[in-house]
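Only the coordinates and a few stated rules stand behind these numbers; no lab work does. Just so you know, these numbers come straight off a predicted model, no measurement behind them. Note that we place each Cβ from the backbone using ideal geometry, even for glycine, and neighbour counts take in every protein chain shown.
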């Protein structure tokens, strides 16, 4: 029976290949949507770990999370340095990490911070930042690069670079080229926005903006003069908070949200991410529905092909009957062909989806900051593949039943 089925499929190679292509593309689309959705969630969730609160100027939870953690968008306002210092001493707060954003370098964001960033920032499963090369910044004009920045731009320890004013694109005409930075460290890859960030001190951010006003350089200042100035920042963009105890979370959050000095927002990273996924859930459902319809179209195409070829194969079926094959053998032959096509098409679709993910991973990382990787199929994907197999097998029952009902005389009779 298996040999006969394979020979039959080989004789109809063109239609079989077309059927497999339709099923494979449909399955690949569905799997691709699910992989991108799940890995995008995982990539976002792995960006920050062990941080209890993210504090910034009063704004929406999602906006605050996006610009402070994921380096997407810009802050609605800054926070006064005196406010930051006062809140850092709030009862229950164990540590804080100040963040100052706004500058860039060849399309990558620059982050001004202090040593607490390297001490307390965690990603993934509470993994600490580690240096692949060099050391932390210790002097004014030193910079520590994320892994992707160093790799893509080809920087090595000791290289010089100039920061650009504003979070511009890959090209900027407002350079702080009078105060170059020296690369002193390169962080190990994290798979998070840290890889696409240049890290400098808060004092360095203040230093490069001396002599600037409204985004325009008003007068030049020598490096030696800047080093003699008080470079304590006036404002920062946001700060991260770690608490002594989780039981103090709501109390500290309420104290920050009701702070009278200036309007602030303190958000829980996990809740902000959940809010983001809720916002995107409709788009996810729409993509899943479209992918499901494509799979249905693929299975319908397979059924149509089988039914269309059935009339051409009626004499083949009759000859098999004449050689001793019973109706049950004919039924099993056609049903097994449909089941095999569904199985092979599903497996090819899975391999195609993995190949596309592998090819698009560098582009997704470079343009959207999403880490896409090959992985074992999740429960959702396995259930979907099983569903396609069952649906394909069920679709094969229709042509198999029609062949079963055809009589020997009907197959051998010439119809003019």
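For 293, 44, 331, which order do you get if you count the other beta carbons within 10 Å of each Cβ and list the fewest first?
293, 331, 44
Full extension from residue 160 to residue 304: what is 0.36 nm times the residue separation minus their Cα-Cα distance, to one decimal in nm?
In short, 45.3 nm is gained.
Going 7 Å from the Cα of residue 138 in the Cα-to-Cβ direction, what parts of the range 149-164 have a backbone nitrogen less than 16 Å from that spot?
158
Would you mind computing, in nm to one decimal, how far apart the modelled labels at residue 232 and residue 359 are, each placed 7 Å from Cα along Cα→Cβ?
My value for the distance between the label points is 5.8 nm.
Suppose R0 equals 51 Å; then what is the FRET efficiency for residue 247 and residue 296 from their Cβ-Cβ distance, rounded to the nearest 0.05?
0.50
Given a Förster distance of 25 Å, report the FRET efficiency between residue 38 and residue 122 from their Cβ-Cβ distance, rounded to the nearest 0.05.
0.65
Run the simple label-point estimate for residue 389 and residue 7 please: 7 Å along Cα→C-beta, distance reported in nm.
Taking the simple label geometry, residue 389 and residue 7 are separated by 2.8 nm.
Need one number: nm distance between label points at residue 343 and residue 259, each 7 Å from Cα along Cα→Cβ, rounded to one decimal.
Going from the residue 343 label point to the residue 259 one covers 6.4 nm.
Based on the mean of other beta carbon atoms within 10 Å per residue, what is the order of 340-350, 294-304, 252-262, most packed first?
340-350, 294-304, 252-262
Across 5 Å bins from 0, what is the distribution of all Cα-Cα pair distances for the range 53-267, in whole percents?
Going out from 0 Å in 5 Å bins, the range 53-267 shows 1, 7, 15, 19, 20, 17, 12, 6, 3, 0, 0 percent.
In what sequence, highest mean first, do 200-208, 136-144 appear when ranked by Cβ atoms within 10 angstrom?
Descending mean neighbour count gives 200-208, 136-144.
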